[in-house]
């Protein structure tokens, strides 16, 4: 199952930090699955293709659980190549990273 089948994403960025929220369409049914599958290690692994500009070891991921909203919020520090205004990347910012994360395959 693809993550985008059970959740959507909202994103933002500030400086060199991306903020990626993953929100279950049906929290009662799918939030437990999000908790189990979307670990900080797994999220970093999924975002690694966007890290060709430097080593993934420079990037940190923090996870915040918003159970009442059926959402997880990931703060990804160091991923925006110095920040939106300094990056030479076409679009490695919040929107693209959220879309990349929604391609994740989940175990049923």
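Quick note: the coordinates plus some simple rules give every number you see, no bench work behind them. Owing to the predicted nature of the structure, the values given are computational and were not obtained by experimental measurement. FYI the Cβ positions are ideal-geometry reconstructions off the backbone, even for glycines, and counts take in every protein chain you see.
Describe numerically, in nm with one decimal, the distance between label points set 7 Å from Cα along Cα→Cβ at residue 32 and at residue 96.
Placing both labels 7 Å along Cα→Cβ, they lie 3.8 nm apart.
Using a 10 Å cut-off around each Cβ, can you sort 59, 76, 43 from fewest to most neighbouring Cβ atoms?
59, 43, 76
State the extension gain, in nm to one decimal, for the chain segment bounded by residue 5 and residue 67, taking 0.36 nm per residue of separation less the distance between their alpha-carbons.
20.4 nm
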